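Working notes for the structure below.
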Amino acid sequence: MSTQTNRKISTQESLAVTLLLVGIALAYLLLFLGLPLLAVFVEAFKKGWALYWAALQEPDAWSAIKLTFIAAAIAVPANLVFGVAAAWAIAKFEFKGKSLLITLIDLPFAVSPVVSGLVYVLLFGAQGWFGPWLQAHDIKLIFAVPGIVLATIFVTFPFIARELIPLMQAQGKEEEEAAVSLGASGWQTFWRVTLPNIKWGLLYGVILCNARAMGEFGAVSVVSGHVRGMTNTMPLHVEILYNEYNAVAAFAVASLLALLAVVTLVVKSLVEWQARGQGVRLQN
Amino acid sequence: MSITIENLHKHFGAYKALDNINLEVNSGELLALLGPSGCGKTSLLRIIGGMELADSGKLLFHGEDVQQRDARERNVGFVFQHYALFRHMTVFENVAFGLRVKPKKERPNEVEIKRRVHELLCLVQLDFLHDRYPAQLSGGQRQRIALARALAVEPKILLLDEPFGALDAQVRKELRRWLRRLHDELHITSIFVTHDQEEALEVADRVVVMNKGRIEQVGTPDEVYASPATPFVYQFIGNVNLFHSRDHAPWTEQHGDAVAYVRPHDIDISRTAQDNTALPVEVKLVRAIGSVVRVEVATNGSSELIAIELSRERFDTAPLLLGDKVFIRPRQFRVFATGDQHELSAT
């Protein structure tokens, strides 16, 4: 008993130091994270509920919200399928060009989002490589919804794959081999063995991917063309409103994005808590 | 089911993992693949199991070529070194897995699955753990669950990769006796990989000694121990003294680049030289270890020690003291040319 108390004292800082360190951390968080978040909501409600509602129900705002959800609804599942497939291939198989594939997956993290948007304009825009062909076939990608979806997919490309690769590499492929030797098909192995083992990491990746898909500004801004009510997503709409000195409306839409961020954080914490809970149960 | 392997080769890049393997595994026998790490034993096991493909050569189960058959169609049970139990499933579900993934027509119903799984869990004496998760089990328990899971699909061949490698010494000894008994009950053709000679000699019907992707010797535990076919087998299984015949092996006819191999318990010690082939030595160490006495001697002017093992009885009839000058002569030895695998002579 006494040794335990001694050890506790010897590894603990004095009360003053503890308070100081915690105080600095909290003050920093409040100043740089808490205060801006608060400001968003204060500004949004500055002129009352009625105006807040009106700003959100305005047709252009409504169309921006819808477009944001559409882009995320396409980008997230697409990257889910790709992310799982890529992580599976990288973690469980040996093949030539594996490191090249890993580098390619990281590319969207490495380049500026504006550049990623610009690349699509250069490829598919009216003056771009495939521009004439697309025009001849009456397909419009740039300054239209498909371009926004493409840019969103590109920017959120690495999130799920990056989350899964280290996890699947750590788990190895012995369980899959065991499943196959017991007579399971590839499909059965995936659904019964691989997927249950990665489900928490996968969910975590999906949450991060979704947050980024809805919040993306740079790449989408370049390909969107800012056509109100047509090709504006929520972040773009916020910028337009703000530039027009319509602070209440800008912050009202921004508050939705902030709310999304808060919800994402809560869900993320829940997932982590769940995953840890299961880990503990399995280890005891 | 018997297994026939003919002229099997396997490369990993420039590395030769298996070099012209020929092996016949009899139906119902328990065979050990024994060798140092990197000798190709696990590659061979994985090729038989269908987890790896050979570059060339034949692999036949009961006379039928199975190389084109997928792992899931080979009807082979595989027990992995680290067990590879499904971590998110209970013990029961782990064992039931092989039954649940069967095609609908062959899949037993829920009652039958329950009966079979409990039967297997009773066989490995762990039925009371059926609702636990793998992480809640000890190493030895996981090992036995992995075995029960592999047996659930009624394989014709059972492959075990270092089955006792990750266990502590006590559990290991118990489990290998248990495995031997289980094999005697079930009589499934079984192959297990090990780097532990004691394990191979104690458990297996026959032992395949491998080195650098080649088979050095195939034989019963007694054969590989008592009459090793190559210098490698001599050194890998049991202890051995090397006599470079040019310097100090007066009993061999052989001169030049040859080495005589002698087991420590195959050396006689006497106070007087019976003839001129005995080697004069000085006793450097005497140590009694349980029922054997270990004596180390050296020839005049040489620092190289020769190990001799005597039974305690034999030692007591003619006790030795440190510094005694005596003569030694092997009862049994074999001579191999250095740098060559060919045997030159033996007595």
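Here are the numbers:
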| item | result |
| --- | --- |
| 31 Å Cα-Cα threshold exceeded, pairs from B:10/B:173; A:96/A:199; B:16/B:102; A:96/A:268; A:140/A:199 | B:10/B:173; B:16/B:102; A:96/A:268; A:140/A:199 |
| The range B:109-232, accessible area per residue, ligands and nucleic acids excluded (1.4 Å, Å²) | 43 Å² |
| 1.4 Å probe accessible area per residue over the range A:138-249, in Å² | 39 Å² |
| DSSP-defined antiparallel bridges as percent of all bridges, chain B, nearest 5 | 75 percent |
| Relative contact order, percent, chain B [alpha-carbon distance under 8 Å, six or more residues apart] | 16 percent |
| Rounded if a/c under 1.5, otherwise prolate or oblate - the range B:200-240, Cα gyration tensor axes | oblate |
| Helix-derived mean residue ellipticity, 222 nm - over the protein assembly as shown, DSSP H n ≥ 4, -39500 (n - 2.57), to 500 | -15500 deg cm²/dmol |
| Efficiency of FRET from Cβ geometry, residue A:276 and residue A:126, R₀ 35 Å, rounded to 0.05 | 0.10 |
| Solvent-accessible area buried by pairing A with B, both sides, nearest 100 square angstrom, 1.4 angstrom probe | 2200 Å² |
| From phi via Karplus (6.51, -1.76, 1.60), per-residue ³J(HN,Hα) for the range A:96-102 in Hz, x at Gly/Pro | 6, x, 5, 5, 5, 4, 4 |
| Derived scalar couplings ³J(HN,Hα) [the range A:194-199; Karplus, 6.51 cos²θ - 1.76 cosθ + 1.60; whole Hz; x for Gly, Pro] | 5, 4, x, 6, 10, 4 |
| Residue B:40 long-range amide H proximity, modeled H, under 5 Å | B:213 |
| Radius 14 Å from Cβ of residue A:218, net charge of other residues (Lys, Arg +1; Asp, Glu -1) | -1 |
| Nonlocal amide H pairs with residue B:79, under 5 Å, H built at 1.01 Å | B:159, B:160, B:161 |
| Those chymotrypsin sites (Phe, Trp or Tyr not before Pro) in the range A:37-71 that DSSP places in a loop and that have at most 16 other beta carbons within 10 Å | A:45 |
| Proximal aspartates and glutamates relative to residue A:98, as straight alpha-carbon distance under 14 Å, when same-chain residues fewer than 8 apart are discounted | A:106 |
| Within chain A, longest stretch clear of exposed GluC sites (Glu not before Pro) (DSSP loop, no more than 12 other Cβ within 10 Å) | A:95-243 |
| Filtered chymotrypsin sites (Phe, Trp or Tyr not before Pro), the range A:75-180: DSSP coil and at most 16 other beta carbons within 10 Å | A:93, A:95, A:129, A:130 |
| Chain A, relative contact order [Cα under 8 Å, separation at least 6], % | 30 percent |
| Within the accessible area of chain B (1.4 Å probe), percent carbon and sulfur | 48 percent |
| At most 10 other Cβ within 10 Å, DSSP loop - trypsin sites (Lys or Arg not before Pro), the range B:266-344 | B:271 |
| Hydrodynamic radius (Kirkwood) for the range B:45-158, which is based on Cα pairs only, to one decimal in Å | 15.1 Å |
| With all protein chains modelled, accessible area of residue A:150 [1.4 Å, Å²] | 60 Å² |
| Reduced Cα scattering model of the protein assembly as shown, Debye log10 I(q)/I(0), q = 0.06, 0.07, 0.08, 0.12 Å⁻¹ | -0.58, -0.72, -0.84, -1.20 |
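The values are calculated or read from the model by the stated rules, or taken from the named source; none is laboratory data. What you see is a predicted model, and the numbers here were worked out from it, not measured in a lab. Cβ sites come from the backbone with ideal geometry, for glycine too, and all protein chains shown count toward neighbours. Ligands, DNA and RNA are stripped out before the accessible areas are found, and what is left, the full protein with its side chains, is counted by its heavy atoms. Shrake-Rupley method; radii C 1.70, N 1.55, O 1.52, S 1.80 Å.
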